[in-house]
Amino acid sequence: MGWFTKRHETAPKPESKEDIWIQCPACKAHIYKEEWEKSFKVCSQCSYHERMTWRERVDLLIDPKTFTELSAKVSFNDPLKFSDAKGSYAEKAAETRTKTGLNESIVTGYGKMGGIKVVVGVMDFRFLGGSLASGTGEKILQAALYALKQRWPFIIVSASGGARMHEGMVSLMQMPKTCAALAQLREAGLPYVSVMTDPTTGGVSASYAMVGDIHIAEPKALIGFAGRRVIEETIKQKLPDDFQTAEYLLEHGFVDMIVPRKDLKNTLTQLLKYYGRR
């Protein structure tokens with residue numbers, strides 16, 4: 001028997017490059033993952049604003065441990081029993097729900113923002129491209145009614161590719177439905193702030209995203225209705241390179257201000273104080 005017994009230990013698995021670095025989708029720069037997360041998914045080299053999940057957005061805007069979800073059980077509907085070559089809408093939506101943990105493309109709730117009580121709706125692009133459907137519209141309606149009842153401000157953060165055509169006319173009817181709900185807030189003198197992130201397009205840009213008392217956009221966000229190619233083919237003209245960007249819309253009066261992500265909560269808080277909220 002030997003005097004010494006060497007203890008065999010499993011060496012720690014070294015971190016892979018994928019665990020340490022994030023590559024910016026825009027400029028392709030490599031950024032430390034820790035730095036990327038501390039900057040709220042904003043590139044330090046080109047200021048590209050990566051898309052956020054609803055939870056990341058709530059953590060960014062709402063004071064810790066104050067958020068309560070509303071209408072959590074409201075989910076998608078399949079009135080047309082839609083199906084195509086890739087499968088049924090019901091199966092696709094159910095698969096997305098399992099993958100993301102979301103019941104719809106928006107999460108609504110209430111909490112405090114800089115100590116001010118607010119109702120918020122946060123869209124998540126991961127759920128079928130953040131598309132607007134019956135469940136989305138119903139959740140916005142119920143959140144608006146809750147804000148009306150409590151007399152609190154309402155803020156929606158949009159991230160959407162447009163209407164969910166799997167639900168046909170039912171999806172399109174969510175445009176006037178949500179605008180009618182928001183009109184009640186205006187009549188009651190309650191502020192509604194629309195925050196547009198990348199992308200905010202289609203039926204969302206043509207409805208609740210563009211009827212706010214204040215319109216805020218994140219830098220370089222894609223905001224518009226129809227796509228560039230469709231418009232160019234229709235009007236037979238070449239569009240400007242910056243067409244449908246937040247900066248273009250600010251210049252043409254569709255957006256009131258462009259706010260970097262790190263400043264968004266403070267800007268919203270100051271705006272709400274301007275409206276007399278404390």
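The values are calculated or read from the model by the stated rules, or taken from the named source; none is laboratory data. Just so you know, these numbers come straight off a predicted model, no measurement behind them. Quick reminder, even Gly has a Cβ in these numbers, built from the backbone with ideal geometry, and neighbours come from all protein chains shown.
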For segment 249-273, which residues satisfy the criterion of being within 14 Å of Pro219 (Cβ to Cβ) and in contact (Cβ under 8 Å) with a residue 24 or more places away in the chain?
Leu249, Leu250, Val255, Met257, Ile258, Val259, Pro260, Arg261, Lys262, Leu264, Thr267
Filter pass, Ala85 being within 24 Å of Gln142 (Cα to Cα) and over 21 Å from the mean Cα position of the chain (by Cα):
no
Would you mind stating whether Glu218 is over 19 Å from the mean Cα position of the chain (by Cα) and among the acidic types (Asp, Glu)?
no
Tally the residues that are β-branched (Val, Ile, Thr) and in contact with an Asp or Glu (Cβ under 8 Å, 6 or more places away or on another chain), restricting the search to segment 64-97.
1
Tell me which of these Arg57 doesn't satisfy, since it passes every other one: (1) touching a residue at least 12 places away in the same chain (Cβ under 8 Å); (2) assigned by TED's automatic domain parsing to the domain that holds Thr245; (3) in contact with an Asp or Glu (Cβ under 9 Å, 6 or more places away or on another chain); (4) farther than 17 Å from Gly130 by Cα.
(4)
Collect the residues in segment 225-272 that are of a type in the set (Gly, Ala, Ser) and over 16 Å from Pro199 (Cα atoms), keeping them in residue-number order.
Gly253
Looking at segment 221-230, which of its residues are of a type in the set (Val, Ile, Thr) and surrounded by fewer than 16 Cβ atoms within 10 Å (Cβ to Cβ)?
Val230
Report the residue count in segment 23-73 for those that are of a type in the set (Asp, Glu) and closer than 30 Å to Ala147 by Cβ.
5
Which of the residues that make up segment 232-247 are in a helix (DSSP H, G or I) and hydrophobic (A, V, I, L, M, F, W, C)?
Ile235, Ala246
Matching residues, segment 249-278, being part of a helix (DSSP H, G or I) and either closer than 18 Å to Val211 by Cα or charged (D, E, K, R) (or both):
Leu249, Leu250, Glu251, Arg261, Lys262, Asp263, Lys265, Leu268, Leu271, Leu272, Lys273
Per the filter on segment 75-109, residues among the charged types (D, E, K, R) and either touching a helix residue (DSSP H, G or I) at 6+ places or on another chain (Cβ under 6 Å) or crowded, with 16+ Cβ neighbours inside 10 Å (or both) are Asp78, Lys92, Arg97, Glu104
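This table checks each residue for (1) in the same structural domain as Phe225 (by TED's automatic domain parsing); (2) under 20 Å from Ala217 (Cα atoms); (3) buried (at least 18 other Cβ atoms within 10 Å of the Cβ); (4) under 16 Å from the mean Cα position of the chain (by Cα).
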position: Pro64; (1), (2), (3), (4): yes, no, no, no
position: Lys73; (1), (2), (3), (4): yes, no, no, no
position: Gly111; (1), (2), (3), (4): yes, no, yes, no
position: Gly115; (1), (2), (3), (4): yes, no, no, no
position: Phe125; (1), (2), (3), (4): yes, yes, yes, yes
position: Ser134; (1), (2), (3), (4): yes, no, yes, no
position: Trp152; (1), (2), (3), (4): yes, no, yes, no
position: Val157; (1), (2), (3), (4): yes, yes, yes, yes
